[in-house]
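The values are calculated or read from the model by the stated rules, or taken from the named source; none is laboratory data. Just so we're clear, the structure is a prediction, and the values are computed from it rather than from any experiment. Here the Cβ positions follow ideal geometry from the backbone for every residue, glycine too, while neighbour counts run over all protein chains shown. The area values use the complete protein model at the heavy-atom level, side chains included, leaving out ligands, DNA and RNA. Shrake-Rupley method; radii C 1.70, N 1.55, O 1.52, S 1.80 Å.
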Number of protein chains: 2
Amino acid sequence: MEPEQRLMEMGSLVGEPRRLGMLVRLLDGQACPAGELAHHVGIRPSTASHHLDLLVRGGLLTVLTQGRHRYYRLANPAVAAWLEQLAALAAPATPRSLRGATEQRLLAEARTCYDHLAGRLGVLWTRAWVERGWVDETVEGYLVRPAGLAWLCTAGVTTAPTGPLVLGRHEVDWTERVPHFAGPMARAMTRWMLTTGWVVRGPIPRTIQVTNLGWTELGALGVAAPRPT
Amino acid sequence: MEPEQRLMEMGSLVGEPRRLGMLVRLLDGQACPAGELAHHVGIRPSTASHHLDLLVRGGLLTVLTQGRHRYYRLANPAVAAWLEQLAALAAPATPRSLRGATEQRLLAEARTCYDHLAGRLGVLWTRAWVERGWVDETVEGYLVRPAGLAWLCTAGVTTAPTGPLVLGRHEVDWTERVPHFAGPMARAMTRWMLTTGWVVRGPIPRTIQVTNLGWTELGALGVAAPRPT
DNA sequence: TTGTCATTTCTACGGGGATCGAAACATCGG
DNA sequence: CCGATGTTTCGATCCCCGTAGAAATGACAA
């Protein structure tokens, strides 16, 4: 297929509101069964199935069959990054409406993007590591230094050993316009934070809430509470 | 307007093949009259005018009226970055067709993205600066150090003085997946390279070709010819 | 087996939007 | 003032595609 043609195909895929809605719903990186996605955007399962088929064929989603359910999820982090950037592109103009305001605020505060932390929390977390000298900024990403590695080991954050420990970075953020941790290592970190109870998933799909335990522990590591409101 | 709704609007805008084609045509950051855009994607001027109106209303394009011409261009670098990322997302799967192959190769080699260098050349250029210690990598971007500043001054690269000299970075690249220079300073650099004749615009819209002069000068700065084929 | 649930396939329908032509508008050249 | 050129507006047409319902598939439970 002509590369140009493929570009158009990708555009068309995201050009349909229900499809885009389903993609956004999957931005947290978790898998979701077809029926739930259909309900989320308000269409019949048959219609949703058609859309999902197109998205899988287009390489934006992957599907995992388990019993009578079929779980759909974003194909790779690049898709999530691209969608996040689209959101950043769509956001800047508007002062928010009333109902969307709190939702927007929660998402800007702390959320997951595919598999890693994003929003203000993600940025602060990254900055703390940089300032403590736990990572080096390199062209390829954030390279973990011995001090940072020591913390990871004692804390018990585990990941598949992939050569030099590198935390990828990921440019745009809705509010903060600076890079932050991404990639497999960041995924491990985030999972670890969830399991240890530093953070929990919020009521709105992608939001994250820091627990009291989390704030004290984060504070000890140099991450101050963004706003104690 | 609901933020979610605006997201859908953005998606719909880019979901139309002709519209997307026009956006891609404008990826070099230069302005283009309506008629040329219409011809480029193979539609009548009246239809193109309608599309362009939608794109301007949606905040993706800006228009500059000059005489009987109306020049359209991308609204801001973020739009270009997003489109580049879309291209990166669309690219990876396909081994190229025959005719598109050379075009793709030229674009991967060296091109402009909105206003700065991209492709292999952009990455090498950035890497050379980092390795020479002419810039520091910081969270906000590449901070120009005295040595780099000295080169800029003697070479005569001029830009509006904007506090500390920072070269923004820009994540994804079709082939190279590493950040490279972007932003106003990068724009000044690129314009300077064009005016001094280090590089010239190629036959295909966004491509850049390095001249003999350019290769020798770049070589002196530590940028080796990617492939002397 | 039978029944139910989650999902897909198929078919037909309907509407939104992309398209074009014609005409109006604006600008430039003479 | 004239015609030519670039662009937009308006109106009408047509087609693609999103949609839902009905039926088929597969999986789990009893």
Discussion item. Compute a Gaussian network model of chain A, connecting alpha carbons closer than 10 Å, and tell me which residue from A:Ala80, A:Ala155, A:Ala31 fluctuates the most.
Written reply: A:Ala155
Worksheet item: Mind checking the dipole of chain B: about its Cα centre, +1 per Lys or Arg Cβ, -1 per Asp or Glu Cβ, Debye to the nearest 20?
Response: 680
Worksheet item: Chain A: which residue's Cβ hugs the A-to-B rotation axis most tightly, distance rounded to whole Å?
Response: A:Gly15, 1
Worksheet item: Roughly how many Å² is the accessible area per residue of the range A:1-129, as a whole number, for a 1.4 Å probe?
Response: 43
Response to the item:
Summed over the other residues with a beta carbon less than 10 angstrom from that of B:Gly58, with K and R at +1 and D and E at -1, the charge totals +1
Worksheet item: What is the local net charge at B:Leu27, summed over the other residues whose Cβ is closer than 10 Å to its Cβ (Lys, Arg +1; Asp, Glu -1)?
Response: +1
Discussion item. Using 0.36 nm times the number of residues separating B:Thr158 and B:Asn76, minus their current alpha carbon distance, what extension gain do you get?
Written reply: 27.4 nm
Worksheet item: Just A:Gly119, A:Gly202, A:Gly156 to compare: in a GNM of chain A, with alpha carbon springs under 10 Å, which one fluctuates most?
Response: A:Gly156
Practice prompt. Kindly give the distances from A:Ala147 to its copy-mates, label point to label point, with each label point 7 Å from Cα along Cα→Cβ, as nm values to one decimal ordered shortest first.
Written response: 2.4
Worksheet item: Taking the Cα atoms only, what angle lies between the long axis of helix A:45-57 and the longest principal axis of chain A, rounded to 10 degrees?
Response: 60
Discussion item. Label position 7 Å from Cα toward Cβ: report the copy-to-copy distances for A:Pro33 in nm, one decimal, ordered from shortest.
Written reply: 6.0
Response to the item:
Expressed as a percent, the accessible surface of chain A that is carbon or sulfur, using a 1.4 Å probe and the full set of protein chains, is 56
Worksheet item: Using protein heavy atoms only (no ligands, DNA or RNA), what is the total accessible area buried between B and A, 1.4 Å probe, nearest 100 Å²?
Response: 3900
Fill in: Distant-in-sequence amide H partners of B:Leu167 (H built 1.01 Å from N, under 5 Å)
B:Tyr142, B:Leu143, B:Val144
Worksheet item: What shape does chain A have by the C-alpha gyration tensor, where a ≥ b ≥ c are the square roots of the eigenvalues, rounded means a/c under 1.5, and otherwise prolate means a/b greater than b/c and oblate the rest?
Response: prolate
Item to complete: State to the nearest 20 debye the size of the charge dipole of the protein assembly as shown about its Cα centre, where the only charges are +1 on K and R beta carbons and -1 on D and E beta carbons.
Response: 680
Worksheet item: Cα axis of helix A:3-14 to longest principal axis of chain A: angle in degrees, 0 to 90, nearest 10?
Response: 90
Item to complete: One decimal, nm, shortest first: give the distances between the label point of A:Trp215 and those of the same position in the other copies, each label point 7 Å from Cα along Cα→Cβ.
Response: 6.3
Worksheet item: Taking 0.36 nm per intervening residue step and subtracting the Cα-Cα distance, what contour gain separates A:Glu140 from A:Arg105 on full extension?
Response: 9.5 nm
Discussion item. Taking amide H atoms as placed 1.01 Å from N in the peptide plane, list the residues 5 or more away in sequence, or in a different chain, whose amide H sits under 5 Å from that of B:Thr207.
Written reply: B:Gly202
Worksheet item: Per-residue HN-Hα couplings for the range B:73-78, Karplus 6.51 cos²θ - 1.76 cosθ + 1.60 at θ = phi - 60°, whole Hz, x for Gly and Pro?
Response: 8, 4, 5, 6, x, 4
Item to complete: Pick out which of B:Pro146, B:Pro184, B:Pro205 has the largest mean-square fluctuation in a Gaussian network model of chain B, springs linking Cα atoms closer than 10 Å.
Response: B:Pro146
